[in-house]
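Visitor: Right, I'll just put the structure down here and ask away after.
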Amino acid sequence: IKIYSLHVECKVTSRFAHTVITSKIVNRANESREANFEVELPKTAFITNFSMSIDGKVYPGIIKEKASAQKEYDTAVSHGQSAGLVKITSRKLEQFHVSVSIAASSKVTFELMYEELLKRQLGKFELLIKVRPKQLVKHFQIDVHIFEPQGIRFVETDSTFMTNELTEALTKVQNETKAHILFKPTVDQQKINPELEETLLNGDFVVRYDVKRGATAGDIQIVNGYFVHYFAPHEMPVFPKNVVFVIDRSGSMAGRKIEQTRDALLKILQDLRPEDHFSFITFNSKVVEWKSSLLQATAENVASAAGFVRTLSASGGTDINRALLTAVSGLDKAERLTERSVSMIILLTDGQPTSGENNVEVIQENIQKAVNGKYALFCLGFGFDVSYKFLEKMALSNGGIARRIYENADAALQLQGFYQEVATPILMQIEMQYPENAVEGLTQNHFKLFFEGSEVIVSGKISNELDLLAVEIKAQSHTSDLTLKEEANVKEKEQVFQNQSYVFGNFIERLWAYLTIQQLLEKSISAQEEEQKALEAQALDLSLRYSFVTPLTSMVVTKPAGQQQMELANKPTEAG
């Protein structure tokens, strides 16, 4: 079985990435063989299309509502569950794997298409392409086109498998608004060494870039009646933070996890700003406060905290409820905090609540009542014994986010990386306002916090008659209340994309649908049952209308007669 061609074509238009992976395989044996198509794609992406063509006959994947796809599958396949075609493989990736039996000297072409909105983190957008053909490929290429009307500030590529020979196969061309990256190694360049038929291509191929920004109220882009508004202010004064770190030191944290936690906390302490206030709470079945109140991050206090962190050891149970309530009351009682400052709680735990209150619903209720919208709660789940669903619901109900920390060698870096994302809040209470009668289907337009290096994105549909789209942004910075205004000329904005050959038609509409689905699903996590059903129904409707494989839909993949006729591709989620 030979892969004779493998192409990854990626078009990024205004942060929205559309990727097509095409693999062509021939069976050179004189009997039928199994051809495999195994690719990894970012977890943040939605699959939109898949097909196999075998000797000219096309077998398309059909996207359906999850339950009806499952029913169809159960009817067709009498012998129980298949493992499903998609599974999470690592911190950032999930794998799509399908195999089909093809006759001697037959050919098959697999094609997978997925889309995602690139998210700005720490001042960069990242496009991640996983490369692992497992054999030498005669025609191999990665072709990335980026078009950013705002202008491209820089583009860089990075890869875990580059050698000097392979670098020669990489070309990068860039002008004001476009970049083209082509990686096209010959068979010889792919080889580990000339004698061996083994490939070097195994790992990540990453493109990172950022766009240029004026000092205005962001950037508006319009295509076919849909708009997207990007807002990423920079060089603003930073809000002082009041941070309470709530660290699990129960028995299961013993060994490597507590070591990595110590390493990460020591680095994080170095990153605190002198005007920040901070405190530590550690817990097993007992809750211990490092100090009775929050302290300013002076050199002396940071050194004393580092001494405390170095002594962290792990044993005993897990009383998440009391630990978090203690953190909230610490912030409630805190005195001498800076007038305009941002208060947050960062919880790190690796398990389920086992001591004190251990009913997760009761804990969620207690915490939400105590926090009462005053502070942001971030929940980091270390490893796979946590109830991620519980942590995610708790974070989202309290203005924060949840993240899983994977138990790898780089866990300390993951912890630090997360802290860096939330370390520099520069705006609070951001309201993105648009003319009420002229805009519908608006995505989230109120944001509690904005962190340096990220980006606010709002999208919606504008009514036909509108000539000027007026926007107003209100927000609080550390030093003042801001009001920013901007007007976009609809016709002029539409022009920008008119003559771009590689813009896929209605991409802002698809971007709007992608963002809306993501937000509906996120909202449904912390919603009550009735509202949850309504949000999911809305997300399902959009998933089907725009053909996205989301947690509410499945793709039914049919195969030629005589093989396991049908398989399902579902979207795995971090909460399982």
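The values are calculated or read from the model by the stated rules, or taken from the named source; none is laboratory data. This structure is a prediction, so every number in the text was calculated from the model and none was measured. Reconstructed Cβ throughout: ideal geometry from the backbone, glycine too, with neighbour counts over all protein chains shown. The accessibility values were calculated without ligands, DNA or RNA, using every heavy atom of the protein model including side chains. Shrake-Rupley method; radii C 1.70, N 1.55, O 1.52, S 1.80 Å.
Visitor: Tell me which residues, restricted to segment 279-307, are among the small types (Gly, Ala, Ser), open to solvent by 40 Å² or more (accessible area, probe 1.4 Å) and farther than 19 Å from residue 357 by Cβ.
Guide: 292, 293, 299, 303, 304
Visitor: So how many residues does segment 386-426 have that are among the hydroxyl-bearing types (Ser, Thr, Tyr), in contact with a helix residue (DSSP H, G or I) (Cβ under 8 Å, 6 or more places away or on another chain) and more than 17 Å from residue 90 (Cα to Cα)? Working first, answer last.
Guide: Of all residues in segment 386-426, those among the hydroxyl-bearing types (Ser, Thr, Tyr) come to 387-388, 397, 406, 419, 424.
If we keep only those that are in contact with a helix residue (DSSP H, G or I) (Cβ under 8 Å, 6 or more places away or on another chain) too, we end up with 387, 397, 406, 419.
Narrowing the set further to residues that are more than 17 Å from residue 90 (Cα to Cα) leaves 387, 397, 419.
Summing the residues that are among the hydroxyl-bearing types (Ser, Thr, Tyr), in contact with a helix residue (DSSP H, G or I) (Cβ under 8 Å, 6 or more places away or on another chain) and more than 17 Å from residue 90 (Cα to Cα) in segment 386-426 gives 3.
Visitor: I'd like to check something: does segment 75-95 contain any residue that is without any contact (Cβ under 8 Å) to a residue 24 or more places away in the chain and either of a type in the set (Lys, Arg) or outside any loop (DSSP other than H, G, I, E, B) (or both)? Show your work before the answer.
Guide: Residues of segment 75-95 that are without any contact (Cβ under 8 Å) to a residue 24 or more places away in the chain, as a first pass: 75, 78-81, 83.
Adding the requirement that they be either of a type in the set (Lys, Arg) or outside any loop (DSSP other than H, G, I, E, B) (or both) leaves 75.
Checked against the condition, which is being without any contact (Cβ under 8 Å) to a residue 24 or more places away in the chain and either of a type in the set (Lys, Arg) or outside any loop (DSSP other than H, G, I, E, B) (or both), segment 75-95 yields at least one hit.
Visitor: Taking segment 523-544 as the search range and keeping residues that are touching a Lys or Arg at 6+ places or on another chain (Cβ under 6 Å) and either modelled with pLDDT of 95 or more or part of a helix (DSSP H, G or I) (or both), which one is nearest to residue 574 (Cα to Cα)? I'd like the intermediate steps shown before the answer.
Guide: We begin by selecting, within segment 523-544, every residue touching a Lys or Arg at 6+ places or on another chain (Cβ under 6 Å); these are 525-526, 535.
Now drop any that are not either modelled with pLDDT of 95 or more or part of a helix (DSSP H, G or I) (or both), which leaves 525, 535.
On the way: 525: 12, 535: 19 Å.
Looking at residues that are touching a Lys or Arg at 6+ places or on another chain (Cβ under 6 Å) and either modelled with pLDDT of 95 or more or part of a helix (DSSP H, G or I) (or both), I get 525.
Visitor: Counting only residues that are surrounded by fewer than 19 Cβ atoms within 10 Å (Cβ to Cβ) and assigned to a strand (DSSP E or B), how many does segment 172-195 have?
Guide: 7
Visitor: Let me ask something else. State all residues of segment 552-568 that are among the β-branched types (Val, Ile, Thr) and either buried (at least 17 other Cβ atoms within 10 Å of the Cβ) or under 28 Å from residue 522 (Cβ atoms) (or both); if no residue qualifies, say none.
Guide: 553, 556, 557
Visitor: Of everything in segment 196-216 that's of a type outside the set (Ser, Thr, Tyr) and buried (at least 19 other Cβ atoms within 10 Å of the Cβ), which residue is farthest from residue 145 (Cα to Cα)?
Guide: Top of the filtered list is 201.
Visitor: Could you pull out the residue among 517, 473 that is among the β-branched types (Val, Ile, Thr), at pLDDT 95 or above and more than 24 Å from the chain's Cα centre (by Cα)? Walk me through how you get there before you give the answer.
Guide: Details: 517 fails: more than 24 Å from the chain's Cα centre (by Cα).
Within the list 517, 473, the selection yields 473.
Visitor: In addition: Given the criteria without any contact (Cβ under 8 Å) to a residue 24 or more places away in the chain and under 26 Å from residue 462 (Cα atoms), does residue 214 qualify?
Guide: On the way: without any contact (Cβ under 8 Å) to a residue 24 or more places away in the chain: yes; under 26 Å from residue 462 (Cα atoms): yes.
When the stated conditions are applied, residue 214 passes them.
Visitor: For segment 392-431, which residues satisfy the criterion of being in a strand (DSSP E or B) and either of a type in the set (Asp, Glu) or closer than 30 Å to residue 483 by Cβ (or both)? Step through it out loud before you land on a result.
Guide: Quick first cut of segment 392-431, residues in a strand (DSSP E or B) only: 402-405, 425-431.
If the condition is that a residue be in a strand (DSSP E or B) and either of a type in the set (Asp, Glu) or closer than 30 Å to residue 483 by Cβ (or both), then 425, 426, 427, 428, 429, 430, 431 are the ones that fit.
Visitor: Quick check: anything in segment 127-139 out of contact with any Asp or Glu (no Cβ under 8 Å at 6 or more places or on another chain), among the β-branched types (Val, Ile, Thr) and farther than 25 Å from residue 32 by Cα?
Guide: No: segment 127-139 contains no residue that is out of contact with any Asp or Glu (no Cβ under 8 Å at 6 or more places or on another chain), among the β-branched types (Val, Ile, Thr) and farther than 25 Å from residue 32 by Cα.
Visitor: Out of (1) more than 19 Å from residue 325 (Cβ to Cβ); (2) touching a Cys at 6+ places or on another chain (Cβ under 6 Å), what's the single condition that is false for residue 391?
Guide: With (1) more than 19 Å from residue 325 (Cβ to Cβ); (2) touching a Cys at 6+ places or on another chain (Cβ under 6 Å) applied to residue 391, the lone miss is (1).
Visitor: While we're on this one: Considering segment 346-391 alone, what residues qualify as being crowded, with 22+ Cβ neighbours inside 10 Å, assigned to a helix (DSSP H, G or I) and under 23 Å from the mean Cα position of the chain (by Cα)?
Guide: 391 - this is the single residue of segment 346-391 that is crowded, with 22+ Cβ neighbours inside 10 Å, assigned to a helix (DSSP H, G or I) and under 23 Å from the mean Cα position of the chain (by Cα).
Visitor: Can you pull out the residues in segment 5-56 that are among the aromatic types (Phe, Trp, Tyr) and either under 15 Å from residue 111 (Cβ atoms) or not in a strand (DSSP E or B) (or both)?
Guide: Initial filter on segment 5-56 (among the aromatic types (Phe, Trp, Tyr)): 16, 37, 46, 50.
Within segment 5-56, 37, 50 qualify.
Visitor: Going through segment 224-278 one residue at a time, which ones are part of a strand (DSSP E or B) and either open to solvent by 10 Å² or more (accessible area, probe 1.4 Å) or polar (S, T, N, Q) (or both)?
Guide: Answer for segment 224-278, where residues must be part of a strand (DSSP E or B) and either open to solvent by 10 Å² or more (accessible area, probe 1.4 Å) or polar (S, T, N, Q) (or both): 226, 242, 277.
Visitor: Okay, moving on. If residue 43 satisfies all but one of (1) without any contact (Cβ under 8 Å) to a residue 40 or more places away in the chain; (2) closer than 15 Å to residue 95 by Cβ, what's the number of the condition it fails?
Guide: Every condition holds for residue 43 apart from (1).
Visitor: Looking at 554, 547 in this structure, which one is touching a residue at least 24 places away in the same chain (Cβ under 8 Å), among the polar types (S, T, N, Q) and in a loop (DSSP other than H, G, I, E, B)? Working first, answer last.
Guide: On the way: 554 fails: in a loop (DSSP other than H, G, I, E, B).
Among 554, 547, only 547 is touching a residue at least 24 places away in the same chain (Cβ under 8 Å), among the polar types (S, T, N, Q) and in a loop (DSSP other than H, G, I, E, B).
Visitor: Within segment 301-316, track down each residue that is in contact with a helix residue (DSSP H, G or I) (Cβ under 9 Å, 6 or more places away or on another chain) and under 11 Å from residue 282 (Cα atoms).
Guide: Selection gives 309, 312, 313, 314.
Visitor: Could you tell me how many of the residues in segment 520-551 are among the hydrophobic types (A, V, I, L, M, F, W, C), open to solvent by 20 Å² or more (accessible area, probe 1.4 Å) and out of contact with any strand residue (DSSP E or B) (no Cβ under 7 Å at 6 or more places or on another chain)?
Guide: The first filter runs over segment 520-551 and keeps only residues among the hydrophobic types (A, V, I, L, M, F, W, C), leaving 520-521, 525, 527, 534-535, 537, 539-540, 542, 544, 548-549.
Still in the list and also open to solvent by 20 Å² or more (accessible area, probe 1.4 Å): 521, 525, 534, 537, 540, 544.
Now narrow it down to the ones that are out of contact with any strand residue (DSSP E or B) (no Cβ under 7 Å at 6 or more places or on another chain): 521, 525, 534, 537.
Qualifying residue count for the region: 4.
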